[in-house]
Amino acid sequence: MKTDFDKRISALKEQISQRIGEILAKKDPVSLYEPMRYALTAGGKQIRPVLLLLANEAVGGQTEHALNAAAAVELVHNFTLVHDDIMDNDDLRRGRETVHKHWDDNVAILSGDGLLVLAYQALNQTRTNNLQQVMTTFSKGILDVCEGQAMDKEFESRDLVSIDEYFTMIEKKTAALISMSCKIGALLGTENQDYILAIEKYGHLLGRAFQIQDDLLDVIADEQIFGKNVGSDLKENKKTFLILHALQNANGAEREFFQDISSEKNISRQKVEQAIRLFAEIGTIDAARSRVRHELEEAKDALSIIPENPAREYLSQFLKIISNRNY
């Protein structure tokens with residue numbers, strides 16, 4: 001039996017999907033709009049737009065006034081995924097071929113660009129007295145994502161990356177879009193700056209937890225459920241929480257192993273499996289899980305300033321969903 005939370009999330013997702021369907025109703029040219037629809041119909045979790053609508057509702061806003069903004073953040077999120085998959089040379093996304101694999105790089109670049117433009121068009125239709133602040137928040141979030149992605153790529157060719165640098169990177173690459181979604185939802189629902197800041201902080205901490213969890217899933221998830229190749233971060237020399245923690249806490253031989261695979265492109269399946277075993281032995285997997293719990297607890301605390309209401313409770317329940325996700 002579905003809980004009230006499940007029912008509310010399903011209802012919000014249905015509204016978001018309907019609005020996106022309206023935005024992507026145009027058919028021609030087929031080479032542009034078909035890949036865009038393909039990217040948006042791959043079974044995404046719609047976490048960011050749902051958070052935007054819940055944040056809006058939690059501070060007293062109305063869903064219909066925030067729906068265009070919710071559609072906009074989902075379009076932007078998929079824009080980043082389409083382009084990320086090209087940069088990371090990933091063949092799978094959500095269990096099926098990525099856009100650039102299904103078509104080619106040129107089609108993927110163009111369809112990603114189109115999603116970004118449609119996102120701005122959708123956001124511009126939002127009914128609010130502070131559209132300029134909403135637009136500024138939106139643009140900053142996108143730029144942060146680009147900066148975070150650039151840092152992530154730079155780290156691949158660097159031997160030494162600190163944990164602090166890692167957190168700066170994920171705060172831009174992942175947390176910025178989630179935090180931006182929550183903040184825009186709050187901006188569309190209230191003028192209370194304390195509430196807006198609290199919701200923004202909630203999103204920021206949730207985003208940090210989400211990325212660390214993503215790093216973790218890359219090595220412990222079921223590949224069929226995860227929808228991506230397990231160990232892809234290791235093969236791409238990504239400086240994840242796990243690899244950096246392992247380098248800090250490994251002994252001499254173990255550290256040498258991690259240093260070697262950090263400079264080797266497309267490591268073998270055998271080395272991926274060895275790295276995963278070492279992550280468990282060193283305590284890296286437990287450390288990642290502990291850090292996820294810490295960030296989520298802080299995120300829940302950030303909501304305490306918001307008056308009690310069903311949407312605030314749903315935001316708290318959302319943290320449990322993130323903690324238990326397996327894809």
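The values are calculated or read from the model by the stated rules, or taken from the named source; none is laboratory data. As the structure is a prediction and not an experimental result, all values here were calculated from the model. Every residue, glycine among them, receives a Cβ derived from its backbone with ideal geometry; neighbour counts consider all protein chains shown. These area figures cover heavy atoms from the full protein model, side chains too; ligands, DNA and RNA do not enter into them. Shrake-Rupley method; radii C 1.70, N 1.55, O 1.52, S 1.80 Å.
Can you pull out every residue in the stretch 70-101 that is of a type in the set (V, I, T) and free of Cβ contacts under 8 Å to residues at least 60 places away in the same chain? Residues satisfying the conditions are V82, I86, T98.
Condition check ((1) open to solvent by 10 Å² or more (accessible area, probe 1.4 Å); (2) modelled with pLDDT under 95) across all residues:
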residue	(1), (2)
G227	no, yes
H245	yes, no
S262	yes, yes
K271	yes, yes
E298	yes, no
A302	yes, no
I322	no, yes
R325	yes, yes
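Among the residues of the stretch 150-174, just one is among the charged types (D, E, K, R), more than 19 Å from the chain's Cα centre (by Cα) and open to solvent by less than 50 Å² (accessible area, probe 1.4 Å), namely E156. On inspection, A288 does not qualify as open to solvent by less than 80 Å² (accessible area, probe 1.4 Å), farther than 14 Å from A209 by Cα and within 22 Å of the chain's Cα centre (by Cα).
Residues in the stretch 280-297: is at least one assigned to a helix (DSSP H, G or I), in contact with a Phe, Trp or Tyr (Cβ under 8 Å, 6 or more places away or on another chain) and within 30 Å of Y195 (Cβ to Cβ)? Yes, the conditions are met somewhere in the stretch 280-297.
Take the residues in the stretch 30-85 that are assigned to a helix (DSSP H, G or I) and charged (D, E, K, R); name whichever of them is surrounded by the fewest Cβ atoms within 10 Å (Cβ to Cβ).
The extreme case among them is E64.
Residues in the stretch 175-209 that are surrounded by 24 or more Cβ atoms within 10 Å (Cβ to Cβ) and of a type in the set (F, W, Y): Y202 alone. Could you please find all residues in the stretch 128-149 being in a helix (DSSP H, G or I) and open to solvent by less than 60 Å² (accessible area, probe 1.4 Å)? Listed by number, the residues that qualify are L131, V134, M135, T137, F138, S139, G141, I142, D144, V145, G148, Q149. Considering only residues in the stretch 86-118 that are modelled with pLDDT under 90 and assigned to a loop (DSSP other than H, G, I, E, B), the one that is most open to solvent (accessible area, probe 1.4 Å) turns out to be N89. Starting from the stretch 244-268, keep only residues that are without any contact (Cβ under 8 Å) to a residue 40 or more places away in the chain and on the phi > 0 side of the Ramachandran plot, then list their pairs with residues that are open to solvent by 50 Å² or more (accessible area, probe 1.4 Å) and in a helix (DSSP H, G or I) whose Cβ atoms are within a distance under 6 Å, requiring at least 6 positions of separation or different chains. That search, which allows pairs on different chains as well, returns N266/K235.
Residues considered: G189, G231. Of these, the only one that is under 30 Å from G95 (Cα atoms) and in contact (Cβ under 8 Å) with a residue 24 or more places away in the chain is G231.
For the stretch 307-325, the criterion of a residue being part of a helix (DSSP H, G or I), among the hydrophobic types (A, V, I, L, M, F, W, C), free of Cβ contacts under 8 Å to residues at least 60 places away in the same chain and touching a Leu at 6+ places or on another chain (Cβ under 7 Å) is satisfied by no position.
All conditions but one from (1) outside any helix (DSSP H, G or I); (2) touching a Phe, Trp or Tyr at 6+ places or on another chain (Cβ under 9 Å); (3) farther than 30 Å from A70 by Cβ apply to K238; the one that does not is (3).
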